[in-house]
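A.B. asks: After the structure tokens below, expect a handful of questions from me.
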Amino acid sequence: MRRIVLGAFAALGIFTSSALAEGRGAPEALVAQLLDSERVARAGVGATRIARLASVNPTSKAAALQSETWISGQPVANGGDQWRCLAEALYFEARGENAKGLFAVAEVILNRVDSAQYPDSVCGVIQQGTGKRYACQFTYTCDGRPEHVSNPDAFARVGKVARVMLDGAPRNLTNGALFYHTDAVAPSWSRKFDRTASIGVHHFYR
């Protein structure tokens, strides 16, 4: 039951999965208190909701995360260099996307991190080719224009997605895609790969 409660807390965003893995954020005394359904309800979590989250299938859990409602309900996120790199990539590449579109773009970046074809860090993937005009992997890093975050609300929004994706949120939207482009362009390379998904204004390929 303790595991169910902790898993539910992570799904609700009360504690991140990284915090739980490191033993932070869920003191034993608090867990013991919240195992009592009356106290859970009093804490505003709801025993019924905990039970539902514990029993729901992973696809449904992912759908709950990949929504504007979930994003808006999370506290402002932060993190180290890898979080900053991912948040900036989402901001400059996809801040106008819907919630699922943001998660999908983040998936591609993390899929590349896991692929032997690409650098093994988020910042390494995003900065690959940077310094060679229009020869980089992510155009905003080599288009010659300054990378200035002028919309703090939009950055806060994408930062929440970056945080939960780095913390291990499901990658179930793009079927392992390693590439994407917007529907405003039709790059020649897209004909060489299989399209795995179309979400928002982006097409995804593997």
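No value in this document is a laboratory result; all are computed from the given coordinates. Predicted, not measured: the structure shown is a model, and the values here were computed from it. Note that each Cβ is placed from the backbone with ideal geometry, even for glycine, and that neighbours are counted across all protein chains shown.
A.B. asks: Would you mind listing how long region 81-205 runs along its three principal axes, going by Cα atoms, in whole Å with the largest first?
C.D. replies: Result for region 81-205: principal-axis Cα extents of 36, 34, 29 Å.
A.B. asks: Quick check on the exposure proxy: order Thr182, Thr69 from fewest to most C-beta atoms within 10 angstrom. Mind dumping the intermediate values first?
C.D. replies: Working: Thr182 16, Thr69 9.
Neighbour counts put them in this order, fewest first: Thr69, Thr182.
A.B. asks: While we're looking at this one, here's another question. Check Gln128: other-chain or 5+ apart residues with amide H under 5 Å from its amide H, H built from backbone geometry?
C.D. replies: For Gln128, the qualifying residues are Gln137.
A.B. asks: Taking R0 as 30 Å, what's the FRET efficiency between Gln128 and Asn98 from their Cβ-Cβ distance, rounded to 0.05?
C.D. replies: 0.65
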